[in-house]
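Report on the structure given below.
The values are calculated or read from the model by the stated rules, or taken from the named source; none is laboratory data. No experiment lies behind these values; they were computed from the predicted model shown. Every residue, glycine among them, receives a Cβ derived from its backbone with ideal geometry; neighbour counts consider all protein chains shown.
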Amino acid sequence: MNAETTVNKNVFYIPAGVPFLNSLARAILSGKLPVPGGPQPQHTDLARWTILLPTRRATRALMQAFMDEGKGTAQLLPRIQPLGDVDEGELALSTFFPGSAPGSLPDAISGLEQQFVLFELIHIWARQHADNPLAKMLDNSAAHAFDLARSLATLVESFEISNVDIKIIETLFDGEFAQHRQQILAFLDIVRKQLPEKMSVMGKIGISERRNLLMQAQTEFLASRKAPGPVIAAGSTGSIPATAQLLSCIASMENGAVVLPGLDRSLDEDSWNCLPEHHPQFGMRELLGKMSIARDDIAILPGALESPGGQAKNWLASELMRPADTTDQWREAVTKSRQTLLDATGDITVLDAEDLREQSLAIALIMRHGLEEKQTIALVTPDRQLARNVKTELSRWNIEIDDSAGEPLKYSPHATFLLLLLEAGSSRFSPLALKSLLFHPLSCFATDKEHRDDLFTKFEIGLLRSEFTYDGLQGLHQLSEKLTSFSVENPYAHPAFKHLTENDWQAILQLSEQLLGTLEPLSGFAEQNLRLPLSELITRHLQVAEAACHSEHNPNVLWQGDAGEKLSEIFSALQAAAHLAPTMTGQEYTMLIEQQLSQTVVRPRLVQQGRLAIYGLLEARLISTDVVILGGLNETVWPPIAEVDPWLTRPQLRNAGLTIPERKVGLSAHDFAQGFCARQVYLTYSKKLNNAPAVPSRWILRLNALLTAAGVKDACNNDPQYPWLEWARQLDRPQSFQPTRRPSPKPPIDLRPVNFSVSGIETLLKNPYAFFADKILKLKPLDPLTQQAGAADRGNIVHAGLHHFIQTYHDHLPEHASKLLLADFERIAREKISDATLRAFWQPQFVRMAEWFIDQEVLLRRNQKNSFLETSGQYSFKISDTSYLLTARADRLDLLDDQTVRIIDYKTGTLPNTKEGTKDFSPQLLLEAVICSQGGFKKIPRASVSSLVYIKLSGGVPAGSVVSAKGDIGLMAENADKGMKLLLSTYRVATQPYRANAEPAREDVEYDYDYLSRWREWAHLPDSEDA
């Protein structure tokens, strides 16, 4: 021990595992604080006391601890204030003591104001360095500029928190550095010179700087012995320099005391002196150094004694966290302290789940069991996904539990509603965005709530899923007027569309008028060149939001609840800072709002029930429960990754006196050690995360290494009496398995069709169940809300272009024919495809197709008399006593000089197979040949078919190919005719089922009726029976 250290009996610690707040309250009420052996405070004395704790949650929990330890006695509570030194979102800006704040302290600049100022300075820099690649990117992308402004604000805040002058940056770049590091220094002039000047003009200082000044004023106030009563600071590790100075001052007061959480007194001196930044005791050692207090001079808080099991756990926690430089002492530790190791692990269980879901289920089972046993249980985890999963799993037993760490505001219904409004405006009210908005729970649009969903569904079918497109709200309203009569005129419309009544269309029209009137202020949000002040964008956004969710029963629903209040705070702050913001487009405003909502956390104020809790690492500090579950113990989760600072290297951070990233790992390690020493502990992790192998936390690996070395490898294995993981696996496992049978419906004969198209014959041959759903059940899939232009659209363009070209020049090929065909392709593409980028991508393919096709067309016309395009035909025949009708529509029929017919089919994708017996056999062209041989095509006389030709146009190199069917066409057609009639006669038997296809053409493609046949459930099971 250093002889110069000052012994101070008013600094204490409470060991990990001992209920911190209850021990603190008990010591105060018994007169053991601030000085052991003092008089017990009377009922009114505590009102003069001040107790400083790290977080607001801890202050509320201490109030409950005073009531518990007071045994129901009426008493005035002390002033309990949060220090805010462990959560940058809870930095205390209020004064602890009346009259202690300086009178002329400047106001603090808000985070938004600072970001807007930095955004402006970044754009000034970008314009001054126009040749710099970074400057060009920032000048063209507001999103990158905002991200950079936020990153710079974080850098400034780190200097303020550490109480370091930001001008020191210049000295950090002395010496030889890479050119890009030197450029960073030049760029950092924004925060080193320009930002302070700008803030000085505004008369404001940084939030953390103001907090440091307030903390300094508190320290000076206490140093002058003006405190009205005892002052106790408990639970803080002094991670912020200003807080450390305050703690040092309190420790030196006669009526002051500092109570530290989980000080490790068992760690040997050599290890203590070489602690790395990621060690849980590193911050404590730094604090004691600043307070000039030796570790050995700090006593346990009177009354906060450990149980033998607690002492063993603290010893084990210390060994788990031992610095790597001294782990050679493990051999001696496990040899001499084997019994201590066994005592420590008696109430520790390690659960190695297969994945996150199994981990969540096991934790939920433990928590449910604890609820039945009247225990208090807390899940402590930094993994918010795990917390959400556990909350969901508990709901299966109607156990409601709040995640006190909160959820991002972005996921609340209120925030998603606001974001959906912006998405709708930015997409020019596309069908998908508009449907998502309409069916949001908060959407109302002045409609009757009872009939709202029914009206919105009809609106979706009638307008959003129609075959017509629209542009913006005005176009949507015009479309609603147009389609009122179109539903009667269009025989090919979807059945759901045709079922809409006149009253339905009137309601749809009224809703479109309501949408036009309500959402019109957001119409400009899709314009790239329209820039508006932030205040106007906010006003438009909120006016539309309030109108869209307004109802007579609840007119202020948008601002209600915890999420609504947070939203109100965010938009109030945005309006207050709007005068500093640049003008924005609607999309930039959307990005800004998304960032604000993502960064804001909503924490519940009222806990659903008191014995179960889910805590984040911050919320769990100083909170004690009977059982603690430390969940998500995987590397990169707990502990987290030590993120690299984008501006300064680790040596530069150290030289500047700033916190390096590893310090956050040390804080999370301290949280683990505190929870590890609880009475009963579960340590859980997943072997896989996101379907990839995951590594257990380093602390799990160290625990396994110690247990293995001591010969007690299974000491922390799951208790056979409570096999939580096995129970979790069995929870959703059925007792018996009855495979789903293959759908094989057998409709009555009179329901089975007798009219077939050639494509219908192919469907019946390849997938009878799809034919049944389409032709017998009359089920038609709705058109998707948004259809991405793709290969099918390109094929339709090519078909239409070829049709128009050949119809126009059926008797001769003009000069520059390829250019004329290309012009047809381009014209149709402009009409059908709004995406100019996609049209430009297809343009070279169209050029090659046009040139190649004209070359082939010259060859085809050598022995051709005439061509017939998109020709309809039919063929009537009988099988037994049943009459059938086969119909077809041929792409192209060429009447040749020898009075035979050539059937041509255009393809831009995979070519069908005309060879019988193959899996991909396609009888369409052969059946068209049958119709032709029977004189079924009215435009041409009855004739034999001499060739079946597929013309494939790919647009590649080569641009296409001509594939002709091989063999005797007449014989092949005759066989196809016989096969068709055999197929149809088979399905004229009442016992013949329409079986679902067990082998679709492509398993990675979802076909229209797959969701009905559910083939994946039974196709790969042996001996699947027909249903």
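Can you tell me which residues in region 727-755 are polar (S, T, N, Q) and outside any loop (DSSP other than H, G, I, E, B)? Before the answer, list the steps.
Kept after step one, since they are polar (S, T, N, Q), are these residues of region 727-755: 730, 735-736, 738, 740, 744, 755.
Selection gives Gln730, Asn755.
Would you check which residues across region 290-311 are over 19 Å from Leu33 (Cα atoms) and assigned to a loop (DSSP other than H, G, I, E, B) and list them?
The answer is Ser292, Ala294, Ser307.
Are there helices (runs of 4 or more DSSP H) fully within region 756-818 with at least 2 residues that are more than 38 Å from the chain's Cα centre (by Cα) and in the same structural domain as Trp842 (by TED's automatic domain parsing)? List them. Spell out the reasoning first.
Values: elements: 758-766, 768-771, 791-808.
Helices (runs of 4 or more DSSP H) meeting the threshold: 791-808.
Here is a check on your reading of the model: is Ser876 free of Cβ contacts under 8 Å to residues at least 12 places away in the same chain, exposed (fewer than 14 other Cβ atoms within 10 Å of the Cβ) and more than 45 Å from the chain's Cα centre (by Cα)? Walk me through it before giving the result.
Details: free of Cβ contacts under 8 Å to residues at least 12 places away in the same chain: yes; exposed (fewer than 14 other Cβ atoms within 10 Å of the Cβ): yes; more than 45 Å from the chain's Cα centre (by Cα): yes.
Against the criterion (free of Cβ contacts under 8 Å to residues at least 12 places away in the same chain, exposed (fewer than 14 other Cβ atoms within 10 Å of the Cβ) and more than 45 Å from the chain's Cα centre (by Cα)), Ser876 qualifies.
Does Ala433 qualify as being assigned by TED's automatic domain parsing to the domain that holds Thr585, under 25 Å from Ile570 (Cβ atoms) and either over 22 Å from the mean Cα position of the chain (by Cα) or at pLDDT 90 or above (or both)? Working first, answer last.
On the way: assigned by TED's automatic domain parsing to the domain that holds Thr585: yes; under 25 Å from Ile570 (Cβ atoms): yes; either over 22 Å from the mean Cα position of the chain (by Cα) or at pLDDT 90 or above (or both): yes.
So Ala433 passes the test.
Which members of region 47-58 meet the condition of being modelled with pLDDT of 90 or more, outside any loop (DSSP other than H, G, I, E, B) and either among the aliphatic types (A, V, I, L, M) or crowded, with 19+ Cβ neighbours inside 10 Å (or both)?
Selection gives Ala47, Thr50, Ile51, Leu52, Leu53.
Being of a type outside the set (S, T, N, Q) and free of Cβ contacts under 8 Å to residues at least 40 places away in the same chain is the filter here, so list the residues in region 273-296 that pass it.
In the first step, residues of region 273-296 are kept if they are of a type outside the set (S, T, N, Q); the result is 274-280, 282-291, 293-296.
Those that are of a type outside the set (S, T, N, Q) and free of Cβ contacts under 8 Å to residues at least 40 places away in the same chain: Arg285, Leu288, Gly289, Arg295.
May I ask you to list the residues in region 932-963 that are among the hydroxyl-bearing types (Ser, Thr, Tyr) and either in contact with a Lys or Arg (Cβ under 8 Å, 6 or more places away or on another chain) or surrounded by fewer than 14 Cβ atoms within 10 Å (Cβ to Cβ) (or both)?
First pass over region 932-963, keeping only residues among the hydroxyl-bearing types (Ser, Thr, Tyr): 933, 944, 946-947, 950, 954, 961.
Those that are among the hydroxyl-bearing types (Ser, Thr, Tyr) and either in contact with a Lys or Arg (Cβ under 8 Å, 6 or more places away or on another chain) or surrounded by fewer than 14 Cβ atoms within 10 Å (Cβ to Cβ) (or both): Ser933, Ser946, Ser947, Tyr950, Ser961.
One line per residue, one yes/no per condition, for (1) crowded, with 23+ Cβ neighbours inside 10 Å; (2) over 26 Å from the mean Cα position of the chain (by Cα); (3) more than 30 Å from Glu372 (Cα to Cα):
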{"position": "Thr590", "(1), (2), (3)": "no, no, yes"}
{"position": "Gln596", "(1), (2), (3)": "no, no, yes"}
{"position": "Arg603", "(1), (2), (3)": "no, no, no"}
{"position": "Leu617", "(1), (2), (3)": "no, no, no"}
{"position": "Asp626", "(1), (2), (3)": "no, yes, no"}
{"position": "Ile629", "(1), (2), (3)": "yes, no, no"}
{"position": "Leu633", "(1), (2), (3)": "yes, no, no"}
{"position": "Ala642", "(1), (2), (3)": "no, no, yes"}
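Of all residues in region 454-501, how many are assigned to a loop (DSSP other than H, G, I, E, B), modelled with pLDDT of 85 or more, surrounded by 14 or more Cβ atoms within 10 Å (Cβ to Cβ) and more than 31 Å from the chain's Cα centre (by Cα)?
1
Out of region 265-287, which residues are surrounded by 21 or more Cβ atoms within 10 Å (Cβ to Cβ) and in contact with a strand residue (DSSP E or B) (Cβ under 9 Å, 6 or more places away or on another chain)?
Met284, Leu287
Which ones in region 502-558 are outside any helix (DSSP H, G or I) and either under 29 Å from the mean Cα position of the chain (by Cα) or within 19 Å of Glu588 (Cα to Cα) (or both)?
The answer is Glu527, Gln528, Asn529, Leu530, Arg531, Leu532, Pro533, Cys549, His550, Asn556.
Taking region 406-425 on its own, how many of its residues are buried (at least 20 other Cβ atoms within 10 Å of the Cβ) and in a loop (DSSP other than H, G, I, E, B)?
1
So Asn690 passes all but one of these: (1) touching a residue at least 40 places away in the same chain (Cβ under 8 Å); (2) under 19 Å from Leu386 (Cβ atoms). Which condition number does it fail?
(1)
What are the residues in region 33-46 that are of a type outside the set (Val, Ile, Thr), touching a Lys or Arg at 6+ places or on another chain (Cβ under 8 Å) and either crowded, with 21+ Cβ neighbours inside 10 Å or farther than 15 Å from Ile14 by Cβ (or both), if any?
If we filter region 33-46 for residues that are of a type outside the set (Val, Ile, Thr), which is where we start, we get 33-34, 36-43, 45-46.
Within this subset, residues satisfying the condition of being touching a Lys or Arg at 6+ places or on another chain (Cβ under 8 Å) are 36, 38.
The one that is of a type outside the set (Val, Ile, Thr), touching a Lys or Arg at 6+ places or on another chain (Cβ under 8 Å) and either crowded, with 21+ Cβ neighbours inside 10 Å or farther than 15 Å from Ile14 by Cβ (or both): Gly38.
Please determine, by comparing only the residues of region 712-750 that are closer than 30 Å to Ala333 by Cα and in contact (Cβ under 8 Å) with a residue 24 or more places away in the chain, which one is surrounded by the most Cβ atoms within 10 Å (Cβ to Cβ).
From region 712-750, those closer than 30 Å to Ala333 by Cα are 712-720; that's our starting set.
If we keep only those that are in contact (Cβ under 8 Å) with a residue 24 or more places away in the chain as well, we get 712, 715-719.
On the way: Val712: 15, Ala715: 19, Cys716: 22, Asn717: 13, Asn718: 17, Asp719: 9.
Ranking the candidates gives Cys716 first.
If I ask for residues that are under 21 Å from Ile623 (Cβ atoms) and either assigned to a helix (DSSP H, G or I) or among the polar types (S, T, N, Q) (or both), which ones from region 326-377 would you list? Break it down into steps so the answer makes sense when it comes.
Filtering region 326-377 down to residues under 21 Å from Ile623 (Cβ atoms) leaves 347-349, 363-364, 366-371, 373-377.
Selection gives Asp347, Thr349, Ile363, Ala364, Ile366, Met367, Arg368, His369, Gly370, Leu371, Gln375, Thr376.
Need a quick list: helices (runs of 4 or more DSSP H) entirely within region 923-1027 having at least 1 residues that are at pLDDT 90 or above and in the same structural domain as Leu895 (by TED's automatic domain parsing).
924-933, 969-986
Keeping to region 809-865, report how many residues are farther than 30 Å from Asp471 by Cα and out of contact with any helix residue (DSSP H, G or I) (no Cβ under 8 Å at 6 or more places or on another chain).
Total satisfying the criteria: 17.
Would you confirm whether or not region 174-181 contains a residue that is part of a helix (DSSP H, G or I), at pLDDT below 90 and closer than 23 Å to Ser208 by Cβ?
From region 174-181, those part of a helix (DSSP H, G or I) are 179-181; that's our starting set.
Those left that are additionally at pLDDT below 90: 179-181.
Next cut, closer than 23 Å to Ser208 by Cβ only: none.
No - not one qualifying residue is present in region 174-181.
Could you figure out which of (1) more than 54 Å from the chain's Cα centre (by Cα); (2) surrounded by fewer than 15 Cβ atoms within 10 Å (Cβ to Cβ); (3) among the charged types (D, E, K, R) isn't true of Arg902?
The number of the failed condition is (2).
Ala577: assigned to a loop (DSSP other than H, G, I, E, B), in contact with an Asp or Glu (Cβ under 8 Å, 6 or more places away or on another chain), surrounded by fewer than 21 Cβ atoms within 10 Å (Cβ to Cβ) and in contact (Cβ under 8 Å) with a residue 24 or more places away in the chain, yes or no?
On the way: assigned to a loop (DSSP other than H, G, I, E, B): no; in contact with an Asp or Glu (Cβ under 8 Å, 6 or more places away or on another chain): yes; surrounded by fewer than 21 Cβ atoms within 10 Å (Cβ to Cβ): yes; in contact (Cβ under 8 Å) with a residue 24 or more places away in the chain: yes.
The answer is no for Ala577.
Give me a count of the residues in region 540-558 that are surrounded by fewer than 16 Cβ atoms within 10 Å (Cβ to Cβ) and free of Cβ contacts under 8 Å to residues at least 40 places away in the same chain.
Adding up the residues that qualify gives 6.
Considering each of Ile168, Ile122, Ile232 in turn, give the residue that is under 28 Å from Lys290 (Cβ atoms), in contact (Cβ under 8 Å) with a residue 24 or more places away in the chain and not assigned by TED's automatic domain parsing to the domain that holds Thr59. Can you show your working first?
Working: Ile122 fails: under 28 Å from Lys290 (Cβ atoms); Ile232 fails: not assigned by TED's automatic domain parsing to the domain that holds Thr59.
None of the others qualify; the one that does is Ile168.
Which condition number in (1) without any contact (Cβ under 8 Å) to a residue 12 or more places away in the chain; (2) part of a strand (DSSP E or B) is the one that Asp894 fails?
(1)
Take the residues in region 928-944 that are under 59 Å from the mean Cα position of the chain (by Cα) and hydrophobic (A, V, I, L, M, F, W, C); name whichever of them is nearest to Ile903 (Cα to Cα). Write out each step before concluding.
Our first condition is that a residue be under 59 Å from the mean Cα position of the chain (by Cα); within region 928-944, this holds for 928-932, 936-937.
The next check asks that each one be hydrophobic (A, V, I, L, M, F, W, C); those that pass are 929-932, 937.
On the way: Ala929: 8, Val930: 11, Ile931: 11, Cys932: 9, Phe937: 12 Å.
Step by step, filter region 928-944, then rank; the result is Ala929.
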